[in-house]
1. At 1.4 Å probe size, put A:Phe255, A:Phe491, A:Phe345, A:Phe10 in order of accessible surface, largest to smallest.
2. Could you work out how much longer the chain between B:Asn463 and B:Asp181 gets when fully extended? Use 0.36 nm per residue separation minus the Cα distance between them, nm to one decimal.
3. Provide a whole-number value for the mean count of partner chain Cβ atoms within 10 Å of the Cβ atoms in peptide B:422-430.
4. Decide, for the protein assembly as shown, between rounded, prolate and oblate: order the square roots of the alpha carbon gyration tensor eigenvalues as a ≥ b ≥ c, take rounded if a/c falls under 1.5, and otherwise choose prolate if a/b is larger than b/c, else oblate.
5. Would any residue of the range B:262-300 have its amide N under 14 Å from a label point 7 Å out along Cα→Cβ of B:Tyr242? List them or say none.
6. Taking the label point 7 Å from Cα in the Cβ direction, how far apart in nm is B:Asn463 from each other copy of itself, listed shortest first?
7. For the charge dipole of the protein assembly as shown, defined by +1 on Lys and Arg C-beta atoms and -1 on Asp and Glu C-beta atoms about the Cα centroid, which residue among A:Val50, A:Phe345, B:Phe380 has the Cα displaced farthest towards the positive pole?
8. Between B:Trp208 and B:Trp471, what FRET efficiency follows from the Cβ-Cβ distance if R0 is 22 Å, with the result rounded to 0.05?
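The values are calculated or read from the model by the stated rules, or taken from the named source; none is laboratory data. Note that the structure is predicted; figures quoted are calculated from it, not measured. Here the Cβ is made from the backbone with ideal geometry for all residues, glycine too, and neighbour counts use every protein chain on show. Just the protein is used for accessible areas: all its heavy atoms, side chains included, with ligands, DNA and RNA removed. Shrake-Rupley method; radii C 1.70, N 1.55, O 1.52, S 1.80 Å.
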2 protein chains.
Amino acid sequence: MGNLNTQIIFRFLGITAILNGFFMFIAFPFSIYHEEAAKWGILNAGFVTVTIGLLLYFFNKPKSTNIQKKEGYLIVTLGWLTLSITGMLPYLFSGAIPNITNAFFETISGYSTTGSSILTNIEAMPKGILFWRSATHWIGGMGIIVLTIAILPLLGIGGMQLFMAEAPGPSTDKLHPRITDTAKRLYLIYVTLTLTQFLLLKIAGMTWFDAINHAMATMSTGGFSTKNSSIAFYNNLPFVQYIIIFFMLIAGTNFVLTYFALKGKIQKVFQSEEFKYYLFGIICIASIITIIIVHFQDATLQTSINHPMVFGKEESAIRHALFMVTSVVTTTGFVTADFTMWNFFATGIFFALFFTGGSAGSTSGGIKVVRHIVMLKNSFLEFKKALHPNAIIPVRYDKKAVNHNIVFNIISFFIIYMLIFIISSVILTLFGLDFISAIGAAASSLGNIGPAIGSVSPVDNFNHLTTAAKWFCSFLMLIGRLELFTVLILFTPFFWRKI
Amino acid sequence: MGNLNTQIIFRFLGITAILNGFFMFIAFPFSIYHEEAAKWGILNAGFVTVTIGLLLYFFNKPKSTNIQKKEGYLIVTLGWLTLSITGMLPYLFSGAIPNITNAFFETISGYSTTGSSILTNIEAMPKGILFWRSATHWIGGMGIIVLTIAILPLLGIGGMQLFMAEAPGPSTDKLHPRITDTAKRLYLIYVTLTLTQFLLLKIAGMTWFDAINHAMATMSTGGFSTKNSSIAFYNNLPFVQYIIIFFMLIAGTNFVLTYFALKGKIQKVFQSEEFKYYLFGIICIASIITIIIVHFQDATLQTSINHPMVFGKEESAIRHALFMVTSVVTTTGFVTADFTMWNFFATGIFFALFFTGGSAGSTSGGIKVVRHIVMLKNSFLEFKKALHPNAIIPVRYDKKAVNHNIVFNIISFFIIYMLIFIISSVILTLFGLDFISAIGAAASSLGNIGPAIGSVSPVDNFNHLTTAAKWFCSFLMLIGRLELFTVLILFTPFFWRKI
């Protein structure tokens with residue numbers, strides 16, 4: 001590893017493990033309260049994780065606290081792996097998920113805020129384990145906020161520089177003070193929003209336990225539910241579903257915009273090109289189309305509603321359409337109804353939505369709306385350039401000309417994303433999935449969504465996948481979550497070349 | 001249309017129609033020889049087409065023979081439409097395909113060298129009509145050679161400038177002399193290769209009629225067969241299949257390279273980066289994987305072979321794998337076996353091959369190998385740029401640095417291609433196709449391949465599609481064939497803005 005500052009890398013990993021362990025200690029009381037056998041497994045996992053963290057921390061004393069780009073990439077990728085490896089200990093030690101492949105899959109699905117599950121009977125799980133499962137989402141979400149808003153722009157990844165131009169905090173290029181300051185402000189928002197949603201869900205009729213779990217899984221755009229039928233369980237509690245829709249929308253919005261909104265600068269939100277396309281261009285239009293589809297699917301509407309409808313059939317159609325569109329676009333992956341059962345067109349629409357992603361700087365995954373905007377504008381300009389080859393016409397975003405390199409960055413991200421999607425689909429067919437499930441699982445894992453199509457549809461789970469397919473999907477969730485480049489750059493020869 | 005030189009556009013369309021009509025007169029004797037009722041329909045279609053052509057020619061006397069870019073785009077797109085509209089007359093007048101939607105689909109499938117068919121019993125068709133059907137492929141192939149090698153580079157489309165750097169002919173930027181000279185040399189090759197294949201197929205055991213038809217459908221990478229079971233009909237004639245494999249390979253190779261090879265400059269061929277990736281990187285590797293798959297599919301091998309195997313089972317596996325891989329990569333679309341029946345992995349592999357395309361400057365459709373090379377190299381460089389943001393590192397192709405604008409051009413082509421693919425898949429689900437057939441039909445039509453997956457698999461046809469779906473696929477075949485930009489630019493506002 002030559003001239004890499006490995007000491008500081010391991011120190012960071014140590015801190016990551018220590019924090020992760022503390023969250024396990026928070027899960028412990030839930031298990032005590034419910035008098036579950038799993039409690040000792042969770043406690044032991046916490047002790048082991050904190051101990052690993054302390055060892056990593058104290059045995060690595062960096063001579064310099066200077067972090068270069070290369071260390072940055074390694075900290076991010078290895079940090080996520082440290083979370084995932086220690087994070088599966090509660091499942092393994094408690095015996096809730098005894099198989100390592102399954103435990104790792106469930107854990108990385110948590111931290112990557114994907115929400116795909118191998119559990120076949122969620123409601124039979126110990127409460128402490130379910131809390132821990134939701135906590136992995138929430139911890140992953142915390143990681144992502146700082147990652148996308150403060151770290152990736154400095155690492156020059158996939159055009160992330162562009163999205164974060166206005167991130168709060170002192171505008172210095174030094175990594176440390178900026179991260180600390182930005183992180184504090186955004187974490188405050190993240191915590192506040194989670195608590196607010198938690199209270200609202202409780203008021204709307206959820207239990208305390210379900211409310212805290214679903215709030216954590218919403219704000220992180222994760223999608224793990226404590227119910228076997230996901231949010232379809234609350235089909236007779238429309239307000240619960242509307243609250244989740246609202247908070248999914250916020251979780252899929254750039255946290256910097258939410259920061260401004262909470263400081264009273266609402267006009268900043270509606271000046272944002274990405275927000276306008278996200279809300280009106282994608283969610284509204286897709287919802288309207290879906291409402292029309294659901295409206296004509298009487299049979300499905302009836303089966304998706306277990307209880308007497310509170311506001312009648314029309315409201316139910318609107319609610320399910322809004323919920324499922326928002327859930328997929330924000331890459332949350334909660335489910336109130338199975339869109340693959342509506343009609344072919346619905347499957348088509350939702351599969352296309354698998355590739356939008358939410359806003360940059362949110363906890364959502366996928367390609368992200370801003371990248372689509374820049375790409376489409378650039379493609380459109382190519383026609384103009386074909387007619388006027390010597391004209392220099394820059395792409396404009398948020399009323400400013402976008403630097404050429406950033407456009408290139410974004411386009412390359414999309415190309416790599418699509419190539420990985422295609423190659424992964426083929427690999428998953430090799431690992432035993434049928435073609436439609438393979439493309440569904442690939443798109444869903446890479447986009448950190450959760451449900452897919454085929455045999456991994458919104459009402460199925462990932463338990464029936466082969467071991468190889470589970471590990472491969474785990475890898476896709478990781479690289480998708482870390483914006484591809486962060487992980488993939490570690491596999492390039494120039495990364496390991498000495499400067 | 002303001003300042004457009006419409007006179008010269010219509011004059012070109014007139015010439016196109018006249019040439020098209022003459023090919024109908026060539027189809028006529030085939031019908032006479034077989035004493036078919038269809039002969040008068042074909043003859044009348046010829047007269048009507050030539051008359052339309054003569055009217056267009058003589059009523060448009062351009063004041064200037066100067067052709068600007070805008071006229072260029074219009075001539076190309078309207079030229080293909082002129083071919084397709086007049087080209088369906090033999091089907092309609094003879095009553096062979098009485099329905100306009102079906103006739104238009106079959107015709108544009110011919111000229112775009114796609115090879116998707118709505119015919120359910122090909123062998124029951126009049127011979128004159130079958131010849132005409134193959135002729136539409138061959139005419140389309142002629143159009144494409146000149147289009148990609150001589151016209152599109154001048155129009156600045158999708159990086160086509162790059163591929164044709166060494167096109168034979170005087171290196172002037174003036175449209176006229178270059179096109180005429182290049183066209184003459186390449187047509188000579190096209191005709192020679194077609195005749196050679198025709199003779200070889202006859203020697204290998206085909207009838208005269210089948211040999212001429214299959215030769216026309218191979219060199220144009222079209223894929224219409226005169227047999228219901230396509231080339232699986234010749235499963236007991238391995239040499240026929242090997243001859244077709246060989247000529248598909250040539251048809252998918254840049255004709256400029258073939259020109260050099262025929263002039264004895266073989267080293268030029270193997271210096272070409274695109275050719276190496278096309279032959280070794282894609283066809284060889286995909287064939288080896290497919291051979292392994294087919295080898296383990298005993299049952300399929302037996303059913304795909306109607307007659308005693310001439311060289312044994314191993315040879316048969318190699319032949320079918322080579323044939324199907326070459327057929328899909330070159331976008332020909334001939335079929336000896338149904339890859340969707342092998343296993344899920346085969347479907348995955350072949351679906352990925354739907355997106356490679358053959359070489360630029362060949363008659364093949366799709367994205368084309370050279371674009372993938374430039375894109376992948378550029379994406380790879382992005383990782384380097386992330387580490388060294390200030391370094392200027394150009395993409396190198398054929399040992400030369402590629403102009404920045406051309407890289408942009410190529411990448412934009414890919415993005416637009418993938419977006420059209422995704423949107424088209426959704427639209428086809430709206431038009432009644434199930435999801436898997438929709439993505440198959442979209443990828444196959446856009447890439448001018450022919451067979452797809454789902455209900456339009458290699459052993460199915462497109463007859464069961466709804467009328468809307470057939471027209472939509474026709475549109476996809478057209479824009480795919482004309483490298484997207486040529487057609488789509490006509491839908492942009494700046495095209496119609498006066499200079």
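1. A:Phe491, A:Phe10, A:Phe345, A:Phe255
2. 97.4 nm
3. That works out to 5 on average.
4. Numbers: a/c = 1.93, a/b = 1.75, b/c = 1.10.
Since a/c reaches 1.5 and a/b is larger than b/c, the shape of the protein assembly as shown is classed as prolate.
5. Label zone hits: none.
6. 4.6
7. B:Phe380
8. So, using R0 = 22 Å, E works out to roughly 0.05.
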